[in-house]
Amino acid sequence: MALAAAAALGRLNLLSCARGGRALLLGARVLRPACVSASLPDRPAPGGRHFHLSASRSSTSKAASLHWTSERAVSVLLLGLLPAAYLYPGSVMDYSLAAVLTLHSHWGIGQVITDYVHGDTLVKGANAGLLILSAMTFAGLCYFNYHDVGICKAVAMLWSL
């Protein structure tokens, strides 16, 4: 459902670029496609809100692009790792799953913090809590892999119920 909505929004943005670059209006917010945003001056839309869909030209845009690419690579790796874990269970697969699942969850919850937690103190506290949670998750999964049956075997046992 969300994927279909994102695809529709992407098609709307492409159509908008092809038809002269009209802005997409959503309530009081104005969303402009990247091809239009790059050519417009940086001033807020009516209602005081302005969203750029294109990357920033600052020095951090390279790091942000690399991080975005890394997130997508981990997601694709996870898509391949899950069937491989089913076909070839073992300790290497268990520890790989522990690392990739923890990293994927860490980055996902980090995005939730970025989007919904405001204020310097709250953001620092939430990020510290996330770091502790991620470290404990990874340590717990590694402990489970070493001292118990492992992730692959545990999932197989759950499926056999």
For residues that are more than 12 Å from residue 91 (Cβ to Cβ) and open to solvent by 100 Å² or more (accessible area, probe 1.4 Å), tally how many sit in region 148-158. 1
Looking at 133, 161, which one is open to solvent by 100 Å² or more (accessible area, probe 1.4 Å) and hydrophobic (A, V, I, L, M, F, W, C)? 161
Report, by residue number, each residue of region 97-130 that is open to solvent by less than 40 Å² (accessible area, probe 1.4 Å) and in contact with a Leu (Cβ under 7 Å, 6 or more places away or on another chain). 97, 98, 100, 102, 110, 113
Kindly indicate which of 125, 48 is farther than 19 Å from residue 150 by Cβ, modelled with pLDDT of 95 or more, not polar (S, T, N, Q) and not in a strand (DSSP E or B). 125
Considering residues that are over 16 Å from residue 155 (Cα atoms), more than 21 Å from the chain's Cα centre (by Cα) and assigned to a helix (DSSP H, G or I), the number found within region 66-122 is 2
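The values are calculated or read from the model by the stated rules, or taken from the named source; none is laboratory data. Note that this is a predicted model, so its numbers are computed, not measured. Cβ coordinates were reconstructed from backbone atoms using ideal geometry, including for glycine residues, and neighbour counts include every protein chain displayed. Accessible surface areas use protein heavy atoms only, side chains included; no ligands, DNA or RNA. Shrake-Rupley method; radii C 1.70, N 1.55, O 1.52, S 1.80 Å.
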